[in-house]
Structure formats: structure tokens, C-alpha cells
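Student: This structure is in C-alpha cells; I'll ask about it shortly.
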Amino acid sequence: MENIIGILLGTLQLFYPLLLISLLLFVYALVVRSWKLMLLSGLIILPDAIYFSWYPPYPYAIFTPVIHLVIAFIFYYRHKRQKELAE
């Protein structure tokens with residue numbers, strides 16, 4: 001796992017692009033209330049969260065994608081309930 005994170009964030013220098021894309025997707029997913037975009041945002045921020053969790057001051061950074069996951073479930077169930085009520 002450390003080798004994969006090292007390649008993504010070190011060799012390819014994708015730390016800031018992944019962080020920026022995830023932040024933009026998070027905001028856009030909140031605006032349009034899309035559970036798919038929220039899951040994608042959580043997956044994109046996962047390598048950054050793992051990287052931050054290795055440092056002693058930020059051990060709980062690994063739980064950042066959980067926030068995305070919880071919001072995605074909320075959006076999914078709201079969409080599912082609205083779809084059932086429309087029928």
C-alpha cells in the first residue's frame with residue numbers, strides 16, 4: 001500500500017491535483033445532490049487521507065472519506081425514496 005501511495009503522490013506528484021479535484025467534486029456533488037459524484041470524490045481523496053494519517057498530528061485524517069460515504073448514502077436513500085413516492 002505504501003508503494004502505491006508513494007507512486008501516486010510522490011513520483012506522479014498527484015497530491016494537490018487529487019486534493020483539488022476531490023474538493024471541487026465534493027462541492028459540486030453537494031449542489032446537485034449526486035450520490036455517485038460524492039462516492040467518486042471520496043475515492044479520489046482516499047490516497048491523500050492515507051498519506052495524512054501517517055503523520056502523528058493527523059491520525060484521524062483516514063476517516064475523511066467516511067464523511068463522503070455517509071453523505072453519498074444519504075443522497076442515495078433520499079433519491080430512492082423520492083423515486084418510490086413518484087410511482
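Values quoted throughout were computed directly from the atomic coordinates according to the rules given, and no laboratory measurement underlies them. Keep in mind that what you see is a predicted model, and the values were worked out from it rather than measured. Quick reminder, even Gly has a Cβ in these numbers, built from the backbone with ideal geometry, and neighbours come from all protein chains shown.
Student: Over the chain, what is the relative contact order in whole percent, taking alpha-carbon pairs under 8 Å and six or more residues apart? Can you show the working numbers first?
Tutor: Details: 81 pairs, mean separation 22.9, N = 87.
Computed value for the chain: 26 percent relative contact order.
Student: Test of understanding: what is the full-extension gain from Leu24 to Arg81, defined as 0.36 nm times their sequence separation minus their Cα-Cα distance? Present the calculation step by step, with values, prior to reporting the outcome.
Tutor: On the way: separation 57, 0.36 × 57 = 20.52 nm, distance 2.69 nm.
Contour length minus the Cα-Cα distance gives 17.8 nm.
Student: Now, a different point. Select from the chain those trypsin sites (Lys or Arg not before Pro) which occupy a DSSP coil region and have at most 13 other Cβ atoms within 10 Å, ordered by residue number. Don't skip to the end; give the middle numbers.
Tutor: Details: sites: Arg33, Lys36, Arg78, Lys80, Arg81, Lys83; in loops: Arg33.
For trypsin sites (Lys or Arg not before Pro) across the chain that sit outside H, G, I, E and B with at most 13 neighbouring Cβ atoms in 10 Å, the list reads Arg33.
Student: Å³ per residue of the Cα convex hull, for the chain?
Tutor: Values: hull volume 8.0 nm³, N = 87.
Considering the Cα atoms of the chain, their hull volume per residue is 92 Å³.
Student: Further, regarding this structure: Name all residues of the range 55-75 having a backbone nitrogen under 12 Å from the label point set 7 Å from the Cα of Arg33 along its Cα→Cβ direction, giving them as ranges.
Tutor: Residues 74-75 fall inside that zone.
Student: For the modelled label position 7 Å from the Cα of Gln13 along Cα-to-Cβ, which residues of the range 44-60 have backbone nitrogen atoms closer than 19 Å?
Tutor: Only 48 fall inside the zone, counting backbone N under 19 Å.
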